[in-house]
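Step one of this worksheet: look at the structure below.
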Ligand SMILES: [Zn+2]
Ligand SMILES: [Zn+2]
């Protein structure tokens, strides 16, 4: 079994392991690298981003190219994804 990289979640402060495939995937995609939150907090965060009502900004999803709306201004250096693509990315990161 591959050694897991450890990190401390910024939200719940629990230590969590970053699977090598997730770390590699994040590095390749410049996507939450290194992951700042444990998987359950990250899932919670994702939910909030798309479900909380309020003003949203239009961005073009880097995954599917569709127009999507986010609650935050995306960091210029990191691609922004719509909810569906985030889910897809997380799924693939876990599979590989
Ligand atoms: Zn957490
Ligand atoms: Zn998308």
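Laid out as a table, the results:
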{"item": "Any hit, segment 10-26, residues being within 16 Å of ligand 2 (Cβ to nearest atom) and either at pLDDT below 75 or not in a strand (DSSP E or B) (or both)", "result": "no"}
{"item": "Residues located in segment 41-89, provided they are within 16 Å of ligand 1 (Cβ to nearest atom) and modelled with pLDDT of 75 or more", "result": "41, 42, 43, 44, 45"}
{"item": "Residue 33 modelled with pLDDT of 70 or more and either surrounded by 11 or more Cβ atoms within 10 Å (Cβ to Cβ) or under 11 Å from the mean Cα position of the chain (by Cα) (or both)", "result": "no"}
{"item": "Hits in segment 7-27 (condition: loosely packed, with under 14 Cβ neighbours inside 10 Å and farther than 18 Å from residue 44 by Cβ)", "result": "27"}
{"item": "Which numbered condition residue 93 fails, given (1) at pLDDT 80 or above; (2) surrounded by 14 or more Cβ atoms within 10 Å (Cβ to Cβ)", "result": "(1)"}
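The values are calculated or read from the model by the stated rules, or taken from the named source; none is laboratory data. Fair warning: this is a prediction, and the values are worked out from it, not measured in the lab. Note that we place each Cβ from the backbone using ideal geometry, even for glycine, and neighbour counts take in every protein chain shown.
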